[in-house]
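Structure, as structure tokens:
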Amino acid sequence: MSEELKTGTTTIGIVCKDGLVLAADKRATSGNMIVDKKCKKIHQIADDIIITMAGTVSDAQLLTKLVKAEIKLKEIRTGKNISVKEAANLLAGMVYENIRKFSFIPGISHFLLGGKDTHGFHLYDVYADGSLTLCDDYLSSGSGSVFALGVMETLYKKDISVDEAIKLVVKAVNAALQRDSASGNGINIFTVTSDGVKEFVEKEVSARIEL
């Protein structure tokens, strides 16, 4: 059980005056072994909604696929785009149900969900127990979150812009990469603005030494 595949992980979400910024590292681990150096931990589940994932990889991946499918079905049935709050409630319910099923491998998954709708930009913490919290500043999840949060606590400011937040998440993720062995190998950064969801950067970091 201790060898189950986990993302390790550092994920971050920031609420900005002109949108949202979400970021994550790229390493997945199994115990002390790095099994994936290009793990994608940010996924788009609707036109203007994205999530970051942390925890047991199989559960996080399955829940991501399920919530994306359920959102699409709801939009087809109603003819309307789902709101960010509706998507967050749907995912939280799935996480709640998942962790309470009997399993030899604990189904632990933690998501940050961010997006925009007719009411503005919203960032939610969908915690591993299925609880749901609306955030008005910043969030972090995963084993490297304690290091990232230290940077955020120091450098975050109200009314931060998307451009400023991008620079801040790079500093925060880098702090986690330096201290958390389960986080590493690069960074993905996504933005949610009035122009929609965009992948701002995907950067890999090599630890190979060459002479």
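Given (1) part of a loop (DSSP other than H, G, I, E, B); (2) touching a helix residue (DSSP H, G or I) at 6+ places or on another chain (Cβ under 9 Å), where does residue 134 come up short, assuming only one miss? Only one criterion in (1) part of a loop (DSSP other than H, G, I, E, B); (2) touching a helix residue (DSSP H, G or I) at 6+ places or on another chain (Cβ under 9 Å) is unmet by residue 134, namely (1).
Considering the range 134-161 alone, what residues qualify as being touching a residue at least 60 places away in the same chain (Cβ under 8 Å) and surrounded by 18 or more Cβ atoms within 10 Å (Cβ to Cβ)? Walk me through it before giving the result.
So in the range 134-161, the residues touching a residue at least 60 places away in the same chain (Cβ under 8 Å) come out as 135-145, 147-148, 152, 156, 159-161.
Residues satisfying the conditions are 138, 139, 140, 141, 142, 143, 144, 145, 147, 148, 152, 160.
Only a single item in (1) modelled with pLDDT of 95 or more; (2) more than 12 Å from the chain's Cα centre (by Cα) is not met by residue 34, and it is number (1).
Can you run down the residue pairs with Cβ atoms below 7 Å, 6 or more apart or on separate chains, where the first is in the range 47-70 and closer than 15 Å to residue 27 by Cα and the partner is among the aromatic types (Phe, Trp, Tyr)? Close Cβ pairs satisfying both conditions: 52/111; 53/111.
This table checks each residue for (1) of a type in the set (D, E, K, R); (2) within 12 Å of the chain's Cα centre (by Cα); (3) loosely packed, with under 15 Cβ neighbours inside 10 Å.
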position: 47; (1), (2), (3): yes, no, yes
position: 69; (1), (2), (3): no, no, yes
position: 79; (1), (2), (3): no, no, yes
position: 114; (1), (2), (3): no, yes, no
position: 129; (1), (2), (3): yes, no, yes
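Considering the conditions (1) without any contact (Cβ under 8 Å) to a residue 60 or more places away in the chain; (2) under 15 Å from the mean Cα position of the chain (by Cα); (3) more than 14 Å from residue 92 (Cα to Cα), residue 27 is excluded by exactly one of them, (1).
Determine if the range 167-187 includes at least one residue that is assigned to a strand (DSSP E or B), modelled with pLDDT under 95 and buried (at least 16 other Cβ atoms within 10 Å of the Cβ). Among the residues of the range 167-187, at least one is assigned to a strand (DSSP E or B), modelled with pLDDT under 95 and buried (at least 16 other Cβ atoms within 10 Å of the Cβ), which makes the answer yes.
Return a yes/no flag: does the range 78-92 have any residue that is touching a residue at least 60 places away in the same chain (Cβ under 8 Å), farther than 25 Å from residue 137 by Cβ and either assigned to a helix (DSSP H, G or I) or of a type outside the set (Ser, Thr, Tyr) (or both). Before you say what the answer is, go through the steps one by one.
Step one: list which residues in the range 78-92 are touching a residue at least 60 places away in the same chain (Cβ under 8 Å), which gives none.
Within the range 78-92, none of the residues are touching a residue at least 60 places away in the same chain (Cβ under 8 Å), farther than 25 Å from residue 137 by Cβ and either assigned to a helix (DSSP H, G or I) or of a type outside the set (Ser, Thr, Tyr) (or both).
The values are calculated or read from the model by the stated rules, or taken from the named source; none is laboratory data. Treat the numbers as computed from the prediction; the structure is a model and nothing was measured. Here Cβ is always computed from backbone atoms with ideal geometry, including for glycine, and neighbour counts include all displayed protein chains.
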